[in-house]
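Asks: Sharing a structure, written as structure tokens. Questions coming.
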């Protein structure tokens, strides 16, 4: 009886440890990788955090430009205009789950096709890096192809894909800080 109880306790602890790693490791890995420069040339050396911040700045600029050129148009959406344009938190959740399913499919032997950007040569040891790489690819693809650039179906959220270098991005942030001071 004691042997069974010890065995069950060990099994329970093992399952709990596996679940703990499954829940903690991917977010920690993604948080670390998000600080690293995105390797695709389209991102021009920006990391994920910089890219999403740059996109937010571009959304703010596009809203101002749209309102200036359409003074008689009233906003009738839920929340403010920026909420309609910048949904980085939702995007990250969707990208994470979409890229996870693509990477899991590749792990199970499914091959990429024209419709699905599945990674290749996925195994358990490289699952997290392949998952992140798939998320990077989907980030760019979804941003560019979601009804013009800007990743939005909302007219005032659209802008052109002129991604800055990290130096240009820092200058843009500095300029925005200067312009924001009353």
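The values are calculated or read from the model by the stated rules, or taken from the named source; none is laboratory data. Note that the structure is predicted; figures quoted are calculated from it, not measured. Note that each Cβ is placed from the backbone with ideal geometry, even for glycine, and that neighbours are counted across all protein chains shown.
Asks: Among the residues of segment 10-54, write down those that are assigned to a helix (DSSP H, G or I), under 23 Å from residue 159 (Cα atoms) and touching a helix residue (DSSP H, G or I) at 6+ places or on another chain (Cβ under 7 Å).
Replies: 42, 43, 50, 51, 52, 54
Asks: Here is a follow-up. Is it true that some residue in segment 163-181 is modelled with pLDDT under 90 and part of a loop (DSSP other than H, G, I, E, B)?
Replies: Yes, segment 163-181 contains at least one residue that is modelled with pLDDT under 90 and part of a loop (DSSP other than H, G, I, E, B).
Asks: Can I ask one more? Only one residue in 143, 134 is modelled with pLDDT of 75 or more and either at negative phi or more than 15 Å from the chain's Cα centre (by Cα) (or both), so which one is that?
Replies: Result of the check over 143, 134: 134.
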